[in-house]
1. Specify the residue that is farthest from K291 (Cα to Cα); the eligible residues are those in segment 142-173 that are more than 26 Å from the chain's Cα centre (by Cα) and small (G, A, S).
2. Restricting attention to segment 108-141, which residues are over 16 Å from the mean Cα position of the chain (by Cα), in a strand (DSSP E or B) and crowded, with 18+ Cβ neighbours inside 10 Å?
3. Can you name the residue in segment 32-45 that is free of Cβ contacts under 8 Å to residues at least 60 places away in the same chain and more than 15 Å from the ligand (Cβ to nearest atom) and is also farthest from V90 (Cα to Cα) among such residues?
4. Has segment 305-326 got at least one residue that is small (G, A, S) and open to solvent by less than 30 Å² (accessible area, probe 1.4 Å)?
5. If a residue has to be more than 35 Å from the chain's Cα centre (by Cα) and surrounded by 15 or more Cβ atoms within 10 Å (Cβ to Cβ) to count, how many in segment 347-368 make the cut?
6. Give segment 52-83 a look and list any residue that's near the ligand (Cβ under 8 Å from one of its atoms) and either in contact with a Phe, Trp or Tyr (Cβ under 9 Å, 6 or more places away or on another chain) or open to solvent by 30 Å² or more (accessible area, probe 1.4 Å) (or both), or say none.
7. Looking at S257 and the list (1) closer than 25 Å to G304 by Cα; (2) open to solvent by less than 60 Å² (accessible area, probe 1.4 Å); (3) modelled with pLDDT under 95, which single condition is not satisfied?
8. Which members of segment 92-107 meet the condition of being more than 9 Å from the ligand (Cβ to nearest atom) and either of a type in the set (A, V, I, L, M, F, W, C) or not in a loop (DSSP other than H, G, I, E, B) (or both)?
Amino acid sequence: VSITLAGDIVALHTSMLADTVRTDAFRRAIDATVRRGDVVCDLGAGTGILALFAVSAGARRVFAVEEGPVAAIAREVIAANDAEGIVELVVGRSSSVDLPERADVLISETLWNLGVGEGIVHSVRDAQRRLLVSDARVVPQQIDLVLAPVESPKAYRIVQTWTADLYGLDFTPLRQVASNVVHAAVLGEDELLADPARVGTVDLVNGGDDRLHATLRFEARRTGVLRGIGGWFDAVLAPGVRLSNAPPNEARSWAQSFLPLSEPVQIEENDTIDVGITLSLEGEQWLWSVKARGVEHRGSTLGGSLLSLAELRRTAPTRRPVLSDRGNAVVQLLEWLDGDTPVSDLGPRLRELYPRLFPSDEAAESLVREVLERFT
Ligand SMILES: C[S@@+](CC[C@H](N)C(=O)[O-])C[C@H]1O[C@@H](n2cnc3c(N)ncnc32)[C@H](O)[C@@H]1O
């Protein structure tokens, strides 16, 4: 069996539940949104806390949808709170599950440092099509994305470290990758070089475009070294209930985001800083350009993704794929899952048929485990 150790899960959820700004804001939004007798879907239920808040708010039935191993903890928390009669745990990714009844309210705390980026837009839209009533209420209702030019030498270490002379070796390829990643960083208010500006609003209730694009002009408040663009969210969870991780950050379970420049730029007070930003709303691709003092930097998460051209071509719509040797081994293995063959025979049989593909018992057992976990 493959065992998931609970350490990281406990640490993550401890930090989220210790963040009372976050949790209290969601509780207020749930109290303001859920009406007695509602059916509620908590998309990304984690430990089950928001599902249980929905019960306190009067929900008749709550579906707690969770894809991660924390679902096992949610099951026990729901039982410990005698809520099994109301909260039904649905294990799986929301886009792969079905609910026995459409929900009146969707709650989803799947907010990333920059608002979108954990797939919240696509998950909510999919839920609206398949899992919710047509005029369902949604928490959060909207997410504003906010950017500001930042100085932050601390955040920039992740780029700065990789030089042409590190231990006498050239590590500039890593610098190239690091300057094309949207990093998490804790930004202080005093590190902002200009007033923040809103990129746009993601409307989770009414939907909208799949891409967000903005060009923003900032004016430097002071002389400093521009090292990147900081970003955060400002969300409306329910009318009158907002939650933000803007610096100085009170919602401690989030950091902010940092979109770095490949080289720092010295700027003077009142300088113009032009920023262009485009993002796909499933949060997977970001493009940013920053122009200051006549120097332009362009960043793209594609450049930081370590994807080779060969990997990209693998899923090209025009490709006509054929099975690899490993693919043939999987087909063979699936045929042996006939209800008669014991698990202990599967690895040795694979090694006998494909000795070059599985040079060790461990290699064969790992494929057997993967196939058994996914398909049996
Ligand atoms: C930030 S945690 C929030 C957990 C909990 N709702 C809370 O407020 O403490 C987000 C959880 O959503 C889960 N998740 C994210 N997207 C999901 C999806 N589309 N379907 C199911 N679970 C999802 C993650 O595994 C994670 O446990």
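1. The residue in question is G168.
2. L132, A136, R137, V138, V139, listed by residue number.
3. If we take residues in segment 32-45 being free of Cβ contacts under 8 Å to residues at least 60 places away in the same chain and more than 15 Å from the ligand (Cβ to nearest atom), then R36 is farthest from V90 (Cα to Cα).
4. Taking every residue of segment 305-326 in turn, none turns out to be small (G, A, S) and open to solvent by less than 30 Å² (accessible area, probe 1.4 Å).
5. Summing the residues that are more than 35 Å from the chain's Cα centre (by Cα) and surrounded by 15 or more Cβ atoms within 10 Å (Cβ to Cβ) in segment 347-368 gives 5.
6. Listed by number, the list holds a single entry, E67.
7. The single condition S257 does not satisfy is (3).
8. Within segment 92-107, the first condition is being more than 9 Å from the ligand (Cβ to nearest atom), and the residues that meet it are 98-106.
Of everything in segment 92-107, those that are more than 9 Å from the ligand (Cβ to nearest atom) and either of a type in the set (A, V, I, L, M, F, W, C) or not in a loop (DSSP other than H, G, I, E, B) (or both) turn out to be L99, A103, D104, V105, L106.
The values are calculated or read from the model by the stated rules, or taken from the named source; none is laboratory data. All values reported here derive from a predicted model rather than from experimental measurement. Note that we place each Cβ from the backbone using ideal geometry, even for glycine, and neighbour counts take in every protein chain shown. Side chains included, ligands, DNA and RNA excluded: accessible areas come from the protein's heavy atoms. Shrake-Rupley method; radii C 1.70, N 1.55, O 1.52, S 1.80 Å.
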